[in-house]
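The values are calculated or read from the model by the stated rules, or taken from the named source; none is laboratory data. The structure presented is a predicted model; accordingly, all values stated were derived computationally and were not measured. Note that we place each Cβ from the backbone using ideal geometry, even for glycine, and neighbour counts take in every protein chain shown. Heavy atoms of the whole protein, side chains included, go into the accessibility calculation; ligands, DNA and RNA do not. Shrake-Rupley method; radii C 1.70, N 1.55, O 1.52, S 1.80 Å.
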Amino acid sequence: MTKIRLIIMFLILARMSISSGTISDQYLPPIKGEIHPSSLFGDFRPGHFHAGIDIRTGGQTGAELYAASDGYLWRVATTFWGYGRVIYLMTTSGHVITYAHLSRFNPTLASEVYSKQVELSNYKVDLYFKPERFPIKRGDLIGYSGESGPGGPHLHYEVRTPDNRPINPLNGYLSIADNAPPIFSTLAIIRFGDRFDPGSVVKTSQFRCQQISAGRYGLSAEVSIFGRFGIEINAFDKIDGYYGKMGVYRMELFVDKKLIYAYCADTLDFDSFKQANYVRDYKLWWEKINSYKNPSQADGDYHNYYRLFRVPGDRQPTVKAAVADGYFSTNIEDEKDANKILPGKHDAVLKASDIYGNKAELSFVINIAESNQIPPRVKSNSETKGREGKRSQFDLFDGEVAAEITPNKLYYSETFSAIEIHTDRNGSSSILKEFEILPPYTFFKEPVLLKVLLENRSFPANKYCLGKSSGGNYTFCGNNLSDDSSAVSCKIGATGKFALLIDNISPKVTLIFPANGAQIKSKSQLVIRYRMTDNFSGIGREENLKLFLDDKWVPAEYDPDRNLIEFIPPTVLSKGKHTLHLSVSDQCGNKSEHQSIFFII
Ligand SMILES: [Zn+2]
């Protein structure tokens, strides 16, 4: 009895030392208590990877944030968008730890940022400090969690190596509770035409993955194929106690027990950051998302198809092994032997695991038909638009609309077309022209310039702007005017529906607090607050918002999600009358002003 108890005690102790191990010895978690993520490192966003971990803060702001390690505050920035209020901590080992979307900085840092904002008369600042300015000890309070920038309350936590490569924080910087294995959803067999390139796809066959037992999966049907092909998997990962579906940490494809392709999200490279679309099949993702009535409500990560082959040009470090780039061929004329797969049945196993070793395995058979015939060369229906190295203008509708789609902006070659859309809007609309660039699921490697001629102008040139359709509405894309004001342009990241619109309506401003003429007790906390909404183009830049308190510019903050403008005076205001003057302009130069007074008693 005693012996068994001792062994159990020993096991418990051993487990504790493993789970706390090197992690908390060296690096302190950014917030107290258990870490509950809502998004992991390497998760996909259209066009880029998620470079950190999103930590939930219980729907609240104001959680204390602690320095993970000794070092100094190297960089601090504020903006209405992006990371919002963000701190970059330089550790003594030269790693950079990023804390983003903060509600407040610690008081010393806050006053430094405040004076810089006032000095520049701009909310947006990006400050770098010398090591001696803000030295930090592990565990120092550096700020408070918030929701500045887009998204609800959460902390975006990111770790970068001294050579500026983001690394997975779960590799020794943070630990979370995760006992749930990854889940396989759908396997896709991608058949290529005349070359190994997603631009030559001639057929996609999809198979549902069926769970046989815990962590073991099979396929709904046998995979029977010939010609050139590659494999893609729609899979996601789960963590304890959270409904969300996240990206998978590690995947390995074996055929006939040989490792063909391996993927691992342990590090990324900012130089190839946009290569997320090499790893993911954007087209299949797009088709899944758009099969929803309201695409914005679809869980994006869940619909992720991981390519288990390397797209030509792929340089990102998540690919760990790729025999013949992960492509298979039954064509005997193909040069590389490594690509070849012989007639007959082949056992394939796809292994997926998270960083804590929770595993799932999908086993299936690839059946290559017995045949003496050479499979016919399939000509794909796509071709490169424009010639490499030459600038090509993609003219739509006789030059009225042009999109500069050049080969260097594409992940792979594709053929584009455009159609004009005529929606009946009863003639009262601000939408002047609508058109769609097809195919609708192309994501560009580099932004593409979209230009629309302004014909028969009846409004001042700066009121014209371009919008992109998302969830049935148009969102502002840009309104750069050509030198002679004959055309308006913007950069676009993907194909889809676009429109030329007019925005001649000013932002709407409502004062929430303090009401005009209000008397405020000097001891109470004063949060000056407005609601600001705009019909279309929005304020766009921090400089388009100006708040004057007693005729002095002050750094008011704007939250684009909640449509709120807020300012908390850093010091207690003197007794007596105070004036407020808010001025906001949208990106089409439509301006609103609001003036009020209040009294401190
Ligand atoms: Zn994030």
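Computed values, structure above
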{"item": "Any chance N179 is farther than 26 Å from E542 by Cβ, in contact (Cβ under 8 Å) with a residue 40 or more places away in the chain and of a type outside the set (K, R)", "result": "yes"}
{"item": "Residues satisfying the stated conditions in the range 93-118, i.e. outside any helix (DSSP H, G or I) and either of a type outside the set (S, T, N, Q) or not assigned by TED's automatic domain parsing to the domain that holds V159 (or both)", "result": "G94, H95, V96, I97, Y99, A100, H101, L102, R104, F105"}
{"item": "Within the range 483-532, tally of residues that are open to solvent by 30 Å² or more (accessible area, probe 1.4 Å) and touching a helix residue (DSSP H, G or I) at 6+ places or on another chain (Cβ under 9 Å)", "result": "3"}
{"item": "Extreme residue, modelled with the lowest pLDDT, among residues of the range 170-214 that are of a type in the set (S, T, N, Q) and open to solvent by less than 10 Å² (accessible area, probe 1.4 Å)", "result": "S200"}
{"item": "Of residues in the range 48-92 being outside any strand (DSSP E or B) and open to solvent by less than 10 Å² (accessible area, probe 1.4 Å), the one farthest from the ligand (Cβ to nearest atom)", "result": "A67"}
{"item": "The range 148-165, residues that are surrounded by 15 or more Cβ atoms within 10 Å (Cβ to Cβ), within 12 Å of the ligand (Cβ to nearest atom) and at pLDDT below 95", "result": "G149, G151"}
{"item": "Test for N462: is it in contact (Cβ under 8 Å) with a residue 24 or more places away in the chain, farther than 20 Å from V201 by Cα and not aliphatic (A, V, I, L, M)", "result": "yes"}
{"item": "Unmet criterion (only one of (1) open to solvent by less than 40 Å² (accessible area, probe 1.4 Å); (2) among the aromatic types (F, W, Y); (3) within 16 Å of the ligand (Cβ to nearest atom)) for F105", "result": "(3)"}
{"item": "The one condition in (1) modelled with pLDDT of 95 or more; (2) farther than 30 Å from K463 by Cβ; (3) among the charged types (D, E, K, R) that K523 fails to fulfil", "result": "(1)"}
{"item": "So F229, is it in contact with a Lys or Arg (Cβ under 7 Å, 6 or more places away or on another chain), in contact (Cβ under 8 Å) with a residue 24 or more places away in the chain, outside any loop (DSSP other than H, G, I, E, B) and closer than 23 Å to P37 by Cβ", "result": "no"}
{"item": "Residue check, R45 within 16 Å of the ligand (Cβ to nearest atom) and either in contact (Cβ under 8 Å) with a residue 12 or more places away in the chain or more than 21 Å from D559 (Cα to Cα) (or both)", "result": "yes"}
{"item": "Candidate set from the range 119-147 (those that are assigned to a loop (DSSP other than H, G, I, E, B) and under 26 Å from the mean Cα position of the chain (by Cα)); member that is nearest to the ligand (Cβ to nearest atom)", "result": "E147"}
{"item": "Strands (runs of 3 or more DSSP E) wholly inside the range 505-601 that include at least 1 residues being β-branched (V, I, T)", "result": "508-513, 518-520, 528-533, 552-554, 564-567, 576-585, 591-600"}
{"item": "Selection status of A51, at pLDDT 95 or above, of a type in the set (G, A, S) and closer than 30 Å to W286 by Cα", "result": "no"}
{"item": "So V96, is it of a type outside the set (S, T, Y), within 16 Å of the ligand (Cβ to nearest atom), at pLDDT 95 or above and open to solvent by less than 20 Å² (accessible area, probe 1.4 Å)", "result": "yes"}
